[in-house]
Amino acid sequence: MSALPASAANDDITVEPILELRDLRAGYDGVAVLDGVDLAVHPGRVVALLGPNGAGKSTTLKVVAGLHPASGGDVLMAGRRVNGARPEDLARFGLCLIPEGRGIFPNLTVHENLWMMTHRGGDLDRVEEETVRRFPQLGKFMHRTAGTLSGGEQQMLAMARGLSTDPALLVLDELSMGLAPIVVDQLYETVSQVAAEGTSILLVEQFARIVMDVADDAAVMVQGKIVVTGRPRDLEETLSQAYLGG
C-alpha cells in the first residue's frame, strides 16, 4: 500500500485517517490495560503517543500491529476494520512496526538484513541505495555482522529495513531507547523526512520532549485512556501532570 502524496497528506486532515482506533480495549490475563482508546493518524502526519510508564502505550502499538488481541472496540486502516488480522496481513496492507529493542537479525550482515526484506520481489539495489541515502554510515558496514554495530547503527538498520517496504503507516516504539542524544536527533530527522515524503507515522516515546519538534499531533495516555490530544507544545502542562501522577 503506497503512501499518499505529501502535498495532499499534510494539508488536509479532513481526509479519512490511515489509522483509527475506536473505543479500543485490551488487557492481559483478565486485567484491563486499554480502557476505551480513541485515536486517529491522518495521512502524512506524525502522531506521538505520550505518557508515563505503564500507561498502555506499547500495548496500543501491539494491538495495532496485530501482536495482541483487542478485547473490544475497533482498529481501522484506511477505513477498513482489521481486528484480528495477522501481523503479516497488516504488513501487506501497509503497516510496518519497528519494535522497542531494534528489529534486525544480529547474526547476519547489514547486506543480508536488507536482502531479507526483498524476498517478496523488492529490488535489493534500490533498497541499499535508499538505505545509504538515509543513513550514509551504514554504507561502510554492508558486509559487517549487524550485531557488532553500535546501538544507534542497529536502530538505523532497523529503520532502513522497515522503510524498504514503502509503508503507508510506520509505527515506532521507543525509538530513542538507550541511545545517545546525537543519534536520537539523527533518527528523528529521518522520521521528519519520511513523513514529509508522505508516510504516516505513529510513535511512542516515554521522553516527550524528544518529539516536540517532530510530531504534528500528540495524544497523552494515562491509565489506558487518551486524556487529551492536540499540538505537542500545547500539551506540556498536561504532560507534566501525567508524568508526575497528577
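The values are calculated or read from the model by the stated rules, or taken from the named source; none is laboratory data. Because the structure is a prediction, the values reported are computed rather than measured. Every residue, glycine as well, gets a Cβ built from its backbone with ideal geometry; the counts of neighbours run over all protein chains shown.
In the set 102, 92, which member is charged (D, E, K, R), under 27 Å from residue 188 (Cα atoms), surrounded by fewer than 19 Cβ atoms within 10 Å (Cβ to Cβ) and modelled with pLDDT under 95?
Step by step, each of 102, 92 is checked, and only 92 is charged (D, E, K, R), under 27 Å from residue 188 (Cα atoms), surrounded by fewer than 19 Cβ atoms within 10 Å (Cβ to Cβ) and modelled with pLDDT under 95.
Could you give every pair whose Cβ atoms fall below 7 Å, whose first residue belongs to segment 54-83 and is assigned by TED's automatic domain parsing to the domain that holds residue 37, and whose second residue is hydroxyl-bearing (Ser, Thr, Tyr), counting only separations of at least 6 or pairs across chains?
Hits for this filter: 68/59.
Name the pairs: first residue in segment 185-206 and over 11 Å from residue 48 (Cα atoms) and assigned by TED's automatic domain parsing to the domain that holds residue 236, second residue of a type in the set (Phe, Trp, Tyr) and part of a loop (DSSP other than H, G, I, E, B), Cβ to Cβ under 8 Å, at least 6 apart or on different chains?
Between residues of segment 185-206 that are over 11 Å from residue 48 (Cα atoms) and assigned by TED's automatic domain parsing to the domain that holds residue 236 and residues that are of a type in the set (Phe, Trp, Tyr) and part of a loop (DSSP other than H, G, I, E, B), the close pairs are 190/135.
Does residue 160 satisfy the condition of being more than 23 Å from residue 104 (Cβ to Cβ) and surrounded by 19 or more Cβ atoms within 10 Å (Cβ to Cβ)?
Considered against the rule, which asks whether it is more than 23 Å from residue 104 (Cβ to Cβ) and surrounded by 19 or more Cβ atoms within 10 Å (Cβ to Cβ), residue 160 comes out as no.
When both residues are 6+ apart or on different chains and their Cβ atoms are under 8 Å apart, which pairs have a first residue that lies in segment 108-123 and is among the polar types (S, T, N, Q), and a second that is loosely packed, with under 14 Cβ neighbours inside 10 Å and not in a helix (DSSP H, G or I)?
109/143
Considering only residues of segment 188-210 that are part of a helix (DSSP H, G or I) and charged (D, E, K, R), which is modelled with the lowest pLDDT?
My answer is 209.
Among the residues of segment 128-145, is any among the aliphatic types (A, V, I, L, M) and closer than 26 Å to residue 67 by Cβ?
Within segment 128-145, not a single residue is among the aliphatic types (A, V, I, L, M) and closer than 26 Å to residue 67 by Cβ.
Taking the options 172, 235, 239, name whichever one is under 14 Å from the mean Cα position of the chain (by Cα), within 17 Å of residue 47 (Cβ to Cβ) and assigned by TED's automatic domain parsing to the domain that holds residue 40.
172 is the lone residue from the list that is under 14 Å from the mean Cα position of the chain (by Cα), within 17 Å of residue 47 (Cβ to Cβ) and assigned by TED's automatic domain parsing to the domain that holds residue 40.
Just a yes or no: is a residue in segment 142-157 under 18 Å from the mean Cα position of the chain (by Cα), crowded, with 20+ Cβ neighbours inside 10 Å and aliphatic (A, V, I, L, M)?
Yes, some residue in segment 142-157 is under 18 Å from the mean Cα position of the chain (by Cα), crowded, with 20+ Cβ neighbours inside 10 Å and aliphatic (A, V, I, L, M).
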